[in-house]
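The values are calculated or read from the model by the stated rules, or taken from the named source; none is laboratory data. Treat the numbers as computed from the prediction; the structure is a model and nothing was measured. Because the Cβ atoms are built from the backbone with ideal geometry, glycine has one as well, and the counts that use them run over all protein chains shown. Protein only, heavy atoms only, side chains kept; ligands, DNA and RNA dropped before computing areas. Shrake-Rupley method; radii C 1.70, N 1.55, O 1.52, S 1.80 Å.
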Amino acid sequence: MTLITMPFPPASLSGHSNGHWRRKATVTRKWRAWAFAAALEAKVEVPADGDIKIVVRFYPPDRRSDRTNFPNRMKPIFDGIADALKVNDRRFVPSFVFCEPEAPGKVEISL
């Protein structure tokens, strides 16, 4: 298993974010590019076909957020990882673990 660690994704990546679409697109592109670079750096290897199991551990920066929304923030990150692996992200089978807060917050993605 390979581990990718990234900062905790902001609420602006959530599908229900009310921000201006240009701002959201900019943030989404940035996070997708970061995930792409992180996956390349981690030298992730996956099978040529079939499901790719992913475990995401959320370590929020504090207790204020609604953890049921955390998985929504992962879409651009999954897209960036899929781009780096040259696979379709529909192969990803994610599971989510919600951990105790840890400043400044992070997500750990195990593939």
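Below, the figures for the structure above:
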| read-out | value |
| --- | --- |
| Contacts under 7 angstrom Cβ, first residue in region 48-77 being touching a residue at least 12 places away in the same chain (Cβ under 8 Å), partner open to solvent by 50 Å² or more (accessible area, probe 1.4 Å) and hydroxyl-bearing (Ser, Thr, Tyr), 6 or more apart | Val55/Ser95 |
| Residue list for region 44-60, restricted to those being open to solvent by 40 Å² or more (accessible area, probe 1.4 Å) and modelled with pLDDT under 95 | Glu45, Val46, Pro47, Ala48, Asp49 |
| Candidates Asp83, Asp89 - the one that is without any contact (Cβ under 8 Å) to a residue 12 or more places away in the chain and either open to solvent by 20 Å² or more (accessible area, probe 1.4 Å) or under 28 Å from Asp49 (Cβ atoms) (or both) | Asp89 |
